[in-house]
Amino acid sequence: MKTVAFIGTGNMGSALARAAAKSGAADRLLLANRTPEKARRLAEELGGEVCDNRIAAAEADVLFFGVKPQMLDAMLAGIRDTLAARTKRVVIVSMVAGKDLQTLETLLDGLPVVRVMPNIPVAAGCGVTLLTASERVTAEEKAYVRTLLAASGAVEELDEHLLDAATGVTGCGPAYAAMFVEALADGAVACGLPRKDALAYSARMLMGTAQMLLETGEHPGALKDRVCSPAGSTIQGVRTLERRGFRAAVMDAVIASWEKEF
Ligand SMILES: NC(=O)c1ccc[n+]([C@@H]2O[C@H](COP(=O)([O-])OP(=O)(O)OC[C@H]3O[C@@H](n4cnc5c(N)ncnc54)[C@H](OP(=O)(O)O)[C@@H]3O)[C@@H](O)[C@H]2O)c1
């Protein structure tokens, strides 16, 4: 019997709680939030139970932290005694940005910690969650956490030292991708396409291209070459993007996000 609990059921906490509920791998789902009404609505939707932070900390086998980084210390102060008094093992899963494994383990007196970094599309079941775990977490526990998150999209395990670089793509990338979709649509609107259609076509094009790249494993440069017919229209668009520094701008955006992480 596994009890899975979430402390903090905001945007990310609720998205991952939905995935956990969908996985069918949690026998009991406990939901705690500073504003209990939010947890209550989610519990009704998912068939979970509302509780306070202490109950979540006392009863969970897997305990997710979904609070903002600046709220972590205050939240932990309220459950530290409860965690210390436990006799049964608990694995902590923190989605709190910027709190590394060592910091979390120190704050939690050596409890096993998994760090996850979801992105916005997890709410639509097609996100990417980066995962890294301390050595105290067993392979079975890691596999269980992956099972809980599977319905949110891909779960990618990586070394913690690469987490910030990967977050520059998976975490920040949706903003860049959304800007790209918006800009494509603006261009099409300028050429006469209705806004609604322009946005839908742009988003579908991006999704389809990404899906194809993932399914075929083709290099993006090779796909670009295949679309560019000699003397065609696409190569003229590519020339325009190159002249405006498109690829360098995107690379700089990822590096700027990565630098901000430190
Ligand atoms: N948003 C993203 O794209 C993203 C991506 C990766 C990681 N993250 C991380 O995910 C975490 C949550 O982010 P979010 O965007 O989901 O924030 P959010 O929507 O503000 O959710 C935070 C939740 O924590 C609750 N809370 C605050 N203090 C609490 C306490 N002491 N006890 C119980 N609940 C408490 C808040 O309750 P109230 O209802 O009272 O406000 C709120 O529902 C953050 O640490 C963030 O770094 C976010």
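A few notes on this one:
- Taken over segment 51-64, the criterion of being farther than 17 Å from Arg89 by Cβ and either assigned to a loop (DSSP other than H, G, I, E, B) or near the ligand (Cβ under 10 Å from one of its atoms) (or both) is satisfied by Cys51, Asp52, Asn53.
- Residue selected from segment 174-186 under the condition free of Cβ contacts under 8 Å to residues at least 60 places away in the same chain and farther than 17 Å from Gly237 by Cα, by the criterion farthest from the ligand (Cβ to nearest atom): Met179
- Restricting segment 6-25 to residues that are in contact with a Phe, Trp or Tyr (Cβ under 6 Å, 6 or more places away or on another chain) and not in a strand (DSSP E or B), the residue that is farthest from the ligand (Cβ to nearest atom): Ala17
- Single residue of segment 53-78 satisfying the filter (of a type outside the set (A, V, I, L, M) and crowded, with 16+ Cβ neighbours inside 10 Å) that is nearest to Thr9 (Cα to Cα): Gly66
- Among the residues making up segment 124-150, those that are of a type in the set (Ser, Thr, Tyr) and assigned to a helix (DSSP H, G or I) are Tyr144, Thr147.
- Failed criterion for Ala222 (all others in (1) surrounded by fewer than 14 Cβ atoms within 10 Å (Cβ to Cβ); (2) part of a loop (DSSP other than H, G, I, E, B) hold): (2)
- Meets criteria (hydrophobic (A, V, I, L, M, F, W, C), without any contact (Cβ under 8 Å) to a residue 24 or more places away in the chain and assigned by TED's automatic domain parsing to the domain that holds Val96) for Ala154: no
- Residue identified as under 17 Å from the mean Cα position of the chain (by Cα) and touching a residue at least 12 places away in the same chain (Cβ under 8 Å) among Leu131, Leu104: Leu131
- Filter result for Leu206 (touching a residue at least 24 places away in the same chain (Cβ under 8 Å) and part of a helix (DSSP H, G or I)): yes
- Looking only at segment 151-172, and only at residues there that are part of a helix (DSSP H, G or I) and touching a helix residue (DSSP H, G or I) at 6+ places or on another chain (Cβ under 8 Å), the one that is surrounded by the most Cβ atoms within 10 Å (Cβ to Cβ): Ser152
- Among the residues of segment 19-67, those identified as more than 22 Å from Gly125 (Cβ to Cβ) and basic (Lys, Arg) are Arg28, Arg34, Arg40, Arg54.
The values are calculated or read from the model by the stated rules, or taken from the named source; none is laboratory data. All values reported here derive from a predicted model rather than from experimental measurement. Every residue, glycine among them, receives a Cβ derived from its backbone with ideal geometry; neighbour counts consider all protein chains shown.
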